[in-house]
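For reference, the structure discussed in these notes is given below.
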Amino acid sequence: MKPKIIAGNWKMYQSQADLSDFAKALEAKLASSSFSKNILPLICPQFISISKAVDLFGPLNIAIGGQDCHEKISGAYTGNVSASLLKETGADYVILGHSERRQYQKESSELVAKKAKTALDNGLKPIICVGESLEEREAGRAESVVAAQLDLSLPNDFAEGDIVIAYEPVWAIGTGKTASIEDVKAMHDYIKQKTKGQFPILYGGSVKPENAKEILAIDSVGGVLVGGASLKADSFYEIVTAYK
Ligand code: PGA
């Protein structure tokens, strides 16, 4: 069985001091134990903290990822970060097409697919995010919206095991509203069937210690992508140890 990925998306949070405190607290919790072989913990900090995160969390067997990369390998793109530098700095994953980037940076699915190809070409595993808005869900369009995002956001060429999908209903992100277990299962089963079971599918949207176990127990859930509850070592640890 493939390990379930427990990913922390730190967004634009966590100072350098917070990173050190987090690592110390987590190390203390792990002093007498180690992570289950059935999970793969991952932290995605801000770009500037990636190098420090690799140093601090590598010894704890936590993988590191970026939160975005540019679609071009290199070039005159002031302010952007390349997939190759992310990889060189020690990241193994990169979140792409998060709904916050789709909303605030106006990223299209076509752009996400280009970024995913560049990430793969540079040895990074893209975590490609999809998810419907509340309006779309209420209009009964959740599946068709997700299907269209999947059709356009996935690159054409990839090797099995290189891509991760994250299903994050936009209305559940940072709102405290989690999709019901039935809704999570239904959408994950749908995505799994549509993508022929080729990818781990993470659920994201208000995952917390109280609901992680139930969500991770769903067969078609390949892990979780956690924002708010991943910022404190205590709750991250509880989520990471919710699946044995
Ligand atoms: P949340 O964020 O856990 O704070 O809802 C999840 C995400 O945006 O990836």
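The values are calculated or read from the model by the stated rules, or taken from the named source; none is laboratory data. Just so you know, these numbers come straight off a predicted model, no measurement behind them. Note: ideal-geometry Cβ built from the backbone for every residue, glycine included; neighbour counts use all protein chains shown. Heavy atoms of the whole protein, side chains included, go into the accessibility calculation; ligands, DNA and RNA do not. Shrake-Rupley method; radii C 1.70, N 1.55, O 1.52, S 1.80 Å.
May I ask you to say which residue of 109, 144, 99 is within 16 Å of the ligand (Cβ to nearest atom) and of a type in the set (S, T, N, Q)?
Being within 16 Å of the ligand (Cβ to nearest atom) and of a type in the set (S, T, N, Q) holds for just one of 109, 144, 99, which is 99.
Among the listed residues 61, 9, 38, which satisfies the condition of being within 16 Å of the ligand (Cβ to nearest atom) and under 29 Å from residue 244 (Cα atoms)? Reasoning before the result, please.
Numbers: 61 fails: within 16 Å of the ligand (Cβ to nearest atom); 38 fails: within 16 Å of the ligand (Cβ to nearest atom).
Only one candidate passes the filter, namely 9.
Among the residues of region 106-138, which ones are touching a residue at least 12 places away in the same chain (Cβ under 8 Å) and among the charged types (D, E, K, R)?
110, 114, 115, 117, 121, 125, 132, 137
Taking region 1-29 only, how many residues are aliphatic (A, V, I, L, M) and buried (at least 17 other Cβ atoms within 10 Å of the Cβ)?
Selection size over region 1-29: 6.
Which of the residues that make up region 93-147 are among the acidic types (Asp, Glu) and either buried (at least 16 other Cβ atoms within 10 Å of the Cβ) or modelled with pLDDT under 95 (or both)? Reasoning before the result, please.
Going through region 93-147, the residues among the acidic types (Asp, Glu) turn out to be 100, 107, 110, 121, 132, 135-136, 138, 143.
Residues satisfying the conditions are 100, 107, 132, 135, 136, 138, 143.
Of all residues in region 41-64, how many are surrounded by fewer than 21 Cβ atoms within 10 Å (Cβ to Cβ) and either in a strand (DSSP E or B) or in contact with a His (Cβ under 6 Å, 6 or more places away or on another chain) (or both)?
Total satisfying the criteria: 1.
Among the residues that make up region 190-199, is at least one of them among the hydrophobic types (A, V, I, L, M, F, W, C), within 11 Å of the ligand (Cβ to nearest atom) and under 14 Å from the mean Cα position of the chain (by Cα)?
No: zero hits.
Report, ordered by the first and then the second residue, all pairs with beta carbons closer than 6 Å, sequence separation of six or more or different chains, a first member in region 214-233 that is crowded, with 19+ Cβ neighbours inside 10 Å, and a second member that is among the hydroxyl-bearing types (Ser, Thr, Tyr) and not in a strand (DSSP E or B).
Taking only residues 6 or more apart or on different chains, the pairs are 216/243; 229/235.
Under 6 Å between Cβ atoms, at least 6 apart or on separate chains: pull out the pairs that start in region 190-211 with a residue that is on the phi > 0 side of the Ramachandran plot and open to solvent by less than 10 Å² (accessible area, probe 1.4 Å) and end on any residue that is part of a helix (DSSP H, G or I) and within 15 Å of the ligand (Cβ to nearest atom).
205/172
Just to be sure, is residue 164 of a type outside the set (D, E, K, R), touching a residue at least 60 places away in the same chain (Cβ under 8 Å), touching a strand residue (DSSP E or B) at 6+ places or on another chain (Cβ under 6 Å) and within 17 Å of residue 101 (Cβ to Cβ)?
Taking the combined requirement at face value, the residue satisfies it.
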